[in-house]
């Protein structure tokens, strides 16, 4: 029986994990900085378009932020962790699963930024002037974050320390925001046993 649980857990983790990443990317690609005509962005838009068509009439945007995308991220994360808990045999606790889902959505978002910044920093050394849709998407994701840190750094004649500071900030967000939320959700679930 644990083999079936492991297989189901892996399947749920993979399918919902990929869809969660697509939903987060959809939200991030709609923010300023990423060219919506990029083939990577277009693929993400197509993959997430159907559920957003259902949510958008009920959830309006706010100050240019697509709140339907935010709700989709929370729903996917909630379903992912709810199904994983059910498959593993633990009792389902709505609030605990919701809190864990929100914490994991924040954690996944920080990992997306972390990977984008690291890969973009490496590509800036290896192929600084190349244009590829993936490179353009990574640049669109990482540049708004890096530009925040460039404002506070002195000009070091071509040496850009903003990726280091951004990675430290992302690590702080993970450790001070995402992981405590996840732990709080787990505590809620344990208290319900």
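The figures follow:
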| item | result |
| --- | --- |
| Packing-based order for 69-76, 89-96, using average beta carbon neighbours within 10 Å, highest first | 69-76, 89-96 |
| Counting all C-alpha pairs of segment 8-123, share separated by more than 21 Å (%) | 42 percent |
| Computed over segment 69-193, the ratio Rg/Rh where both radii use C-alpha atoms and Rh is Kirkwood | 1.12 |
| Using alpha-carbon coordinates, inclination of helix 67-88 to the longest axis of the chain, degrees | 50 degrees |
| Compactness of segment 120-189 as Cα Rg over 2.2 N^0.38 Å, two decimals | 1.46 |
| Alpha carbon centroid spacing (whole Å) that separates segment 137-160 from segment 49-70 | 30 Å |
| Calculated [θ] (222 nm, deg cm²/dmol) that DSSP helices of n ≥ 4 give over the chain, each run adding -39,500 (n - 2.57) | -25500 deg cm²/dmol |
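Values in this text are rule-based calculations from the coordinates and carry no lab data. For clarity, every value in this text was computed on a predicted model and none was experimentally measured. Because the Cβ atoms are built from the backbone with ideal geometry, glycine has one as well, and the counts that use them run over all protein chains shown.
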